[in-house]
Structure formats: C-alpha cells, structure tokens
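Handing you a structure now.
The values are calculated or read from the model by the stated rules, or taken from the named source; none is laboratory data. Note that the structure is a prediction, hence the values are computed from the model and not measured. Heads up, the Cβs are rebuilt from the backbone with ideal geometry, glycines too, and the neighbour counts pull from every protein chain shown. Side chains are part of the model used for accessible areas, which takes the heavy atoms of the whole protein and leaves out ligands, DNA and RNA. Shrake-Rupley method; radii C 1.70, N 1.55, O 1.52, S 1.80 Å.
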Amino acid sequence: MTVGEKPLSRIVVLISGSGSNLQSFIEASKEGNIDGQIMAVISNRPGVKGLERASNVGIPSIVVDHRAFASRQEFDRYLAEVIQGFTPDLVVLAGFMRILTTDFVNQFVGKLINIHPSLLPAYPGLNTHQRAIEAGDSVAGATVHFVTPELDGGPAILQVEVPILSTDTPTQLAARVLVEEHKIYPLVAQWYCQGRIVMDKGIVFHNGVEVGKSGLLFSNESEH
Ligand code: GAR
C-alpha cells in the first residue's frame, strides 16, 4: 500500500499485556493518522488482550513465549529473527515488559521506540506512579524515547505531563497517564513514518532541529 509515492512504513509492535497503546496505533492507522502498516504484533505472553486486539482487525499476532527459552540471549535472538522476517521500518515497544539485550537493541537501533510511564530520566523501571506519588511529586507523565541498551535510558522524543492530584492512587494516576500515552505514541510514530524524527549518533532531531535532553513537550493545543 502507498500514500502518494511513499510506501507505508512497516511497523512491528511488541506487547506483553493489555495492548491499549497498540489499540491507539490501530485507531490512528484506521483514521489515516499513521503513514504505516502494522505488519505484526508479537507478545512474549500468551493469551493477553493485546493479541485479541490485533486479530480482531486481521493483524498477524504471534506469541514468542520467553519461558520457552533457556536464556535471555536465546529469547532475544529468536525474537529478533521473527521481527526481521517482517523487514520493519519501525519497531514499537508498547507495554513490552522484557529487558532487551544489547545485541538485540543494536540490531534495531534508530528504529526501535518505547513508551515509558514517567517523565524520564525520573523513575526508570517499574512502579513509576507509586514512586512519583510517594516522592510527593506534583507532576507525572510519560515519555516516548528511542531505545538504546541502557534500560529506559535512550534519548527522549516526546513527553507529556499529567498533574498528580492529592487524592491519587497509583491506579488512578496510571489511568490518566495512559489516556495521554495514547495521544503521544501514535503521534511520534507518525513523525517517524514521515521522516520528521530521526536519531543520529544518539541525538534526536525533529524536523531537522535537535530536541533537548527531555525531548519535546506535548500540549493538546500545539500543532503537530
Ligand atoms: C503503559 O503504561 C506503558 O507506558 C507501560 O506499560 C503500560 C502498557 O499498557 N510500559 C512500561 O512500563 C515499559 N517499561 P498497554 O499494554 O495497555 O499499552
């Protein structure tokens, strides 16, 4: 399929669970807001909702169960092979909850992106919302970033801020952050597909202009 003269970018999405971010990609492509086609959805866990979301719309869904492999290296090697089979232009981690080896990341560097539910570099790793609330922060958020071998340490592309309310539980905050994740992740994918976002030697450029260390800041009002 093509948009004008430019072929649609080939996207592979990796998930481990609910896949609500995947759903935001599915909606965005349906509405013509991503110049890309999701070629496959791969989950390291069987039976998760995200797989159902993919097959509901006819996207090939594949399980590569990490428990079937003797080591992280073997899992990553096989996973990389499956992904390469789709010759992707973009690999999207959407709630993919496995740490990836350096060898894996290096195969896809520059076309591998992740969304993390915090304002990185704050709170890499797990339980981000609980940690932000316990620290007494007034703002939480999410970050889309290029993936490098350092866990949640790759250069940021776009962040969105979400106020923390005094009554917030981690679950309530997570739900409000998720709504914003669904706005910024397909948007970054579209920028990528349009060639408007690139990483060169670890530096992110948006429309040819270097973005700051914490990436661009999303606002509902701004033009994208
Ligand atoms: C999202 O909040 C995403 O930011 C987070 O997992 C959730 C997945 O939700 N990712 C990470 O924590 C990665 N370290 P989803 O499966 O509904 O898209």
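So, in nm, how far is label R72 from label N106 when the simple model puts each one 7 Å beyond its Cα toward the Cβ?
1.6 nm
Indicate, rounded to the nearest 5 percent, the antiparallel portion of the DSSP beta bridges found entirely in segment 1-145.
If I count the DSSP bridges inside segment 1-145, around 25 percent turn out antiparallel.
I would also like to ask the following. What are the GluC sites (Glu not before Pro) within segment 34-81 that DSSP puts in a loop, where the Cβ has at most 13 other Cβ atoms within 10 Å?
In loop regions of segment 34-81 (DSSP not H, G, I, E or B), there are no sparsely surrounded GluC sites (Glu not before Pro).
List every residue whose amide H lies under 5 Å from the amide H of V204, counting only residues 5 or more places away in sequence or on a different chain, with H placed 1.01 Å from N in the peptide plane.
Distant-sequence amide H within range of V204: V211.
Follow-up question, since we're still on this one. With labels modelled as points extended 7 Å from the Cα through the Cβ direction, what inter-label distance (nm, one decimal) is found for A135 paired with E210?
2.6 nm
Once amide H atoms are built 1.01 Å from N in the peptide plane, which residues 5 or more positions from I164, or in another chain, come under 5 Å H to H?
V139, A140
Using amide H atoms built 1.01 Å from N in the peptide plane, name the residues 5+ places from S43, or on other chains, whose amide H lies under 5 Å from its own.
Long-range HN contacts for S43: I15, I62, V63, V64.
Quote the relative contact order of segment 117-163 in percent (integer), defining contacts as alpha-carbon pairs under 8 Å separated by 6+ residues.
40 percent
Calculate one ³J(HN,Hα) per residue across segment 168-176 by plugging θ = phi - 60° into the Karplus curve 6.51 cos²θ - 1.76 cosθ + 1.60, and present them in order as whole Hz with x for glycine and proline.
Listing the rounded values in order: 5, 9, x, 5, 5, 5, 4, 5, 5 Hz.
Anything over 24 Å Cα to Cα? Flag those among K6/K201; K6/K111; K49/K213; K6/K49, in the order listed.
Violating the 24 Å Cα-Cα cut-off are K6/K201; K49/K213; K6/K49.
Between G58, A70, V147, whose Cα lies farthest towards the positive end of the dipole of segment 52-163 when Lys and Arg beta carbons carry +1 and Asp and Glu beta carbons carry -1, centred on the Cα centre?
G58
So what J values fall out for segment 201-209 if you push phi through Karplus, 6.51 cos²θ - 1.76 cosθ + 1.60 with θ = phi - 60°, rounded to Hz, Gly and Pro as x?
6, x, 10, 9, 10, 10, 6, x, 10
Right, another one. Counting other Cβ atoms within 10 Å of each Cβ, which GluC sites (Glu not before Pro) in segment 3-33 have at most 14 and sit in a DSSP loop?
Counting only loop positions with at most 14 other Cβ atoms within 10 Å, the GluC sites (Glu not before Pro) in segment 3-33 are E5, E31.
Could you give the size of the charge dipole of the chain about its Cα centre, using +1 on the Cβ of each K and R and -1 on the Cβ of each D and E, expressed in debye and rounded to the nearest 20?
In debye, rounded to 20, the chain gives about 420.
Another question, then. Rounded to the nearest 0.05, what FRET efficiency do K30 and L151 give with R0 = 30 Å and r taken as the Cβ-Cβ distance? Could you check?
Values: r = 33 Å, r/R0 = 1.09.
So the FRET efficiency works out to roughly 0.35.
Pairwise over distinct Cα atoms, reciprocal of the mean inverse distance: report the Kirkwood radius of segment 35-147 in Å, one decimal place.
15.6 Å
Something else about it: Step through the residues of segment 135-148 one at a time and calculate ³J(HN,Hα) from phi using the Karplus curve (6.51 cos²θ - 1.76 cosθ + 1.60, θ = phi - 60°), rounding each to whole Hz and writing x for Gly and Pro.
Listing the rounded values in order: 7, x, 5, 9, 9, 10, x, 9, 10, 9, 9, 5, 8, 10 Hz.
For segment 1-50 and segment 153-170, write down the distance between their C-alpha centroids in whole Å.
Comparing the Cα centres of segment 1-50 and segment 153-170, I get a distance of 24 Å.
While we're here: Which value, in debye to the nearest 20, gives the size of the charge dipole of segment 152-224 about its Cα centre, when Lys and Arg are +1 and Asp and Glu are -1 at the Cβ?
Here segment 152-224 has a charge dipole of around 160 debye.
I would also like to ask the following. Which percent of the accessible heavy-atom area of the chain goes to carbon and sulfur, probe 1.4 angstrom?
Working: 5750 of 10880 Å².
Here it works out to 53 percent.
In whole Å and largest first, what semi-axes does the C-alpha gyration tensor of the chain yield when each eigenvalue is scaled by 5 and square-rooted? Before the final figure, lay out each step's value.
Details: eigenvalues 126, 92, 65 Å².
Taking √(5λ) for each eigenvalue gives 25, 21, 18 Å, largest first.
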